[in-house]
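Let me begin by presenting the structure, written as structure tokens, before commenting on it.
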Amino acid sequence: MLRAFFKTEAGSTSVLLGATLLALLWANSPWSGTYETFWHTPMGLSFGDADFSLDLRHWVNDGLMAVFFFLIGLEASYEVRLGQLRDRRLLAVPAVAAFGGMIVPAAVYLALNAGGPGAGGWGVPIATDTAFVLGLLAVVGARCPEPLRAFLLTLAIVDDVLAIIIIAVFYTRDLSVPSLIVAAVLLAAIMTLRRLRIWRAPAYILLGFGVWVATLESGVHPTLVGIALGVLVFVYAPSEYKLLAAGEAVQGLTSDPNARAAREATRRVRAAVSVNERLQLQLHPWSSYVIVPLFALANAGVALDGDTLRQAATSPISIGVAAGLLLGKFAGISLGTWLPLRFGWGMLPGNLVWGQLLGGAAVSGIGFTVSLFIVDLAFDDPAVQAQAKIGILAGSLLSALTGWIAFRLAWDRGGVCAPPEAEPEEELPVLLSEPVGPDDHVRGPADAKVTIVEYGDFECPYCGRLEPILDELLSRHPDVRLVFRHFPLRTLHPRAMSAALVSEAAAREGKFWEMHDVLFGNQRFLTEADLVRHAAEMDVEPWPDVPGQAARVARDEQSGRASGVRGTPTLFVNGVRYQGGLDLVSITRAVEEQEQSV
């Protein structure tokens with residue numbers, strides 16, 4: 001789910017950037033007058049004497065963007081129930097960081113604008129633009145590891161939810177109670193259909209549209225409807241029954257292809273996956289490649305002539321927004337990350353260092369989509385709106401530059417997790433101290449020409465990345481065998497030892513490699529409850545003999561230390577420490593050299 005999301009958002013960044021540049025070019029071209037004229041073109045619906053009309057900009061901002069926030073609701077619901085947000089220890093740090101990343105920017109802005117005409121714009125610098133952030137992280141590449149992307153995505157979801165609440169509470173004008181009551185009744189009808197398990201898409205679409213219209217008429221911004229409806233969509237993990245039914249239906253289609261079997265297979269396969277996940281898959285491309293870029297085109301156009309830029313250079317609104325995004329976000333997220341870690345309220349995913357976290361805090365100052373959204377709600381004067389938009393552009397560009405510099409200066413660990421006490425300058429042995437024996441976990445032929453011994457840690461993100469590479473290597477070279485030895489880095493990965501113990505429990509049942517693959521495939525889900533579930537799915541008792549399991553792990557650790565292992569993953573090829581790159585080409589080259597020398 002996370003990888004698919006990263007791919008979609010990172011890929012759409014170029015489209016979003018292109019739409020932003022097009023809006024700026026249009027607003028500063030000889031035809032600049034047509035920009036506002038076009039977006040103020042009215043468009044509406046008429047039902048007899050009833051008329052419902054908005055201009056094009058409001059159809060985009062209030063209508064299409066409801067789909068964007070609906071997706072946020074879907075993502076938040078999924079992550080809370082099945083994803084990373086269900087683990088409170090992993091949720092605590094990005095949640096507090098998101099709070100800090102909203103409070104401090106607002107305080108910075110108000111420090112320059114409190115009591116002035118721009119005081120109402122304190123909400124502009126509070127939001128992070130997920131698409132631009134993930135796009136920049138894709139450019140950063142390997143210096144931004146997967147755990148940091150997961151951390152920032154979690155932070156962005158919390159940030160978006162808080163921003164929507166702020167919009168609903170602080171930027172609602174002229175509240176209409178009758179319309180609000182109608183919206184509440186329609187929302188209750190949707191919840192009733194959900195409780196009764198009545199799944200008729202037209203009914204939900206019609207009621208959802210009614211809730212949106214009633215909310216818009218009530219004065220509450222309809223973005224709140226989007227996220228509320230997204231949260232209400234069912235999300236569940238595929239049950240064993242549904243997976244078996246889907247498999248049987250597909251098998252039936254394979255054995256006897258016909259239209260009826262195809263329809264039944266389609267229905268069963270769809271039912272195995274929750275509506276939440278299916279909607280995310282269907283709507284993400286539309287949101288990422290159409291709706292958000294269209295929103296940027298409709299809102300990012302601001303005149304950048306000499307007079308406007310001179311006014312913005314001294315405007316407390318422009319300076320407040322830029323400073324809030326650049327300094328406020330960085331300070332707020334950094335402090336919000338440090339506090340829960342300092343007091344033990346939570347933990348970070350994977351193995352992150354402060355250089356990477358500070359880089360993530362800096363790029364989180366890229367506030368665009370929601371920031372522009374709030375500008376339209378906070379200010380009515382076009383001149384003031386222009387000053388705020390210039391502040392958004394300046395603050396976002398400076399935040400992106402600062403983040404890029406931070407990643408360039410971040411500690412480069414070379415793709416290996418190492419504990420703080422490791423001494424990189426010490427002279428380490430290059431030979432494996434303990435030969436491969438009958439107690440080792442071996443995958444591959446006993447008479448293999450080449451043996452790779454891996455000292456690994458089930459929570460180490462670099463070990464996780466290495467596993468598919470080693471699998472591919474073994475498939476290409478059947479005369480190679482792989483030996484896995486435990487080296488849990490307790491100071492960095494608090495769950496690694498428990499995962500190692502469960503793998504040893506599986507080994508007693510002859511299922512070590514099956515558990516090995518499950519643990520590396522679920523590195524973010526290694527809590528005690530997760531481990532018990534993994535063991536139950538394989539019909540394994542997770543803690544049959546904890547002292548014995550721990551002693552088995554300790555033997556691997558002892559042999560690793562004697563062999564000079566200080567971090568994970570560490571490889572030995574035919575008993576000699578491998579010191580090349582942890583990629584398929586480099587490891588394959590080392591294996592082929594050994595094959596030729598045997």
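The values are calculated or read from the model by the stated rules, or taken from the named source; none is laboratory data. As the structure is a computational prediction, the values presented were derived from the model and not from experiment. Ideal geometry is used to build each Cβ from the backbone, glycine not excepted, and the neighbour counts take in all protein chains shown. Surface accessibility is based on the protein's heavy atoms, side chains included, excluding ligands, DNA and RNA. Shrake-Rupley method; radii C 1.70, N 1.55, O 1.52, S 1.80 Å.
Quick one: in segment 514-535, of everything that is closer than 15 Å to SER498 by Cβ and of a type in the set (Gly, Ala, Ser), which residue is modelled with the highest pLDDT? Here the residue is ALA535.
LEU155: surrounded by fewer than 17 Cβ atoms within 10 Å (Cβ to Cβ) and either touching a helix residue (DSSP H, G or I) at 6+ places or on another chain (Cβ under 8 Å) or at pLDDT below 85 (or both), yes or no? No, not satisfied. Looking across segment 254-287, the residues that are under 32 Å from the mean Cα position of the chain (by Cα) and either of a type in the set (Val, Ile, Thr) or more than 22 Å from LEU229 (Cα to Cα) (or both) come down to ALA265, THR266, ARG267, ARG268, VAL269, VAL273, VAL275.
Okay, residues lined up against (1) of a type in the set (D, E, K, R); (2) open to solvent by 60 Å² or more (accessible area, probe 1.4 Å); (3) more than 27 Å from GLU75 (Cα to Cα):
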{"site": "LYS242", "(1), (2), (3)": "yes, yes, no"}
{"site": "VAL250", "(1), (2), (3)": "no, yes, yes"}
{"site": "THR254", "(1), (2), (3)": "no, yes, yes"}
{"site": "ARG260", "(1), (2), (3)": "yes, yes, yes"}
{"site": "VAL269", "(1), (2), (3)": "no, yes, no"}
{"site": "LEU281", "(1), (2), (3)": "no, yes, no"}
{"site": "SER287", "(1), (2), (3)": "no, no, no"}
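Filtered by the rule that a residue be crowded, with 19+ Cβ neighbours inside 10 Å, part of a loop (DSSP other than H, G, I, E, B) and more than 35 Å from the chain's Cα centre (by Cα), segment 564-598 gives a lone residue, ASN574.
Based on this model, can you work out whether ILE390 counts as open to solvent by 10 Å² or more (accessible area, probe 1.4 Å) and touching a residue at least 40 places away in the same chain (Cβ under 8 Å)? Against the criterion (open to solvent by 10 Å² or more (accessible area, probe 1.4 Å) and touching a residue at least 40 places away in the same chain (Cβ under 8 Å)), ILE390 qualifies. Applying the condition of being open to solvent by 40 Å² or more (accessible area, probe 1.4 Å) and aromatic (Phe, Trp, Tyr) to segment 184-222 and asking which residue is farthest from VAL233 (Cα to Cα) yields PHE209.
Counting only helices (runs of 4 or more DSSP H) that sit wholly inside segment 175-287, those with at least 2 residues that are at pLDDT 80 or above and aromatic (Phe, Trp, Tyr) are 201-218. Can you report the number of residues in segment 335-383 which are open to solvent by 30 Å² or more (accessible area, probe 1.4 Å) and within 17 Å of SER315 (Cβ to Cβ)? So the count comes out to 4.
When you check ALA303 against the structure, is it in a loop (DSSP other than H, G, I, E, B) and surrounded by fewer than 24 Cβ atoms within 10 Å (Cβ to Cβ), yes or no? Spelling it out, ALA303 is indeed in a loop (DSSP other than H, G, I, E, B) and surrounded by fewer than 24 Cβ atoms within 10 Å (Cβ to Cβ). List the pairs whose first member sits in segment 439-461 and is under 15 Å from VAL591 (Cα atoms) and touching a residue at least 24 places away in the same chain (Cβ under 8 Å), whose second member is open to solvent by less than 10 Å² (accessible area, probe 1.4 Å) and aromatic (Phe, Trp, Tyr), and whose Cβ atoms are under 7 Å apart, counting only residues at least 6 apart or on separate chains? Pairs that qualify, where the first residue is under 15 Å from VAL591 (Cα atoms) and touching a residue at least 24 places away in the same chain (Cβ under 8 Å) and the partner is open to solvent by less than 10 Å² (accessible area, probe 1.4 Å) and aromatic (Phe, Trp, Tyr), are VAL453/PHE572; GLU454/PHE484.
A single member of SER77, SER32 is modelled with pLDDT of 75 or more, of a type in the set (Ser, Thr, Tyr), open to solvent by less than 60 Å² (accessible area, probe 1.4 Å) and within 30 Å of PRO340 (Cα to Cα), and it is SER77.
When VAL591, VAL565, VAL553 are checked against the criterion of being in contact with a strand residue (DSSP E or B) (Cβ under 7 Å, 6 or more places away or on another chain), modelled with pLDDT under 95 and closer than 21 Å to LYS449 by Cα, VAL591 stands alone in meeting it.
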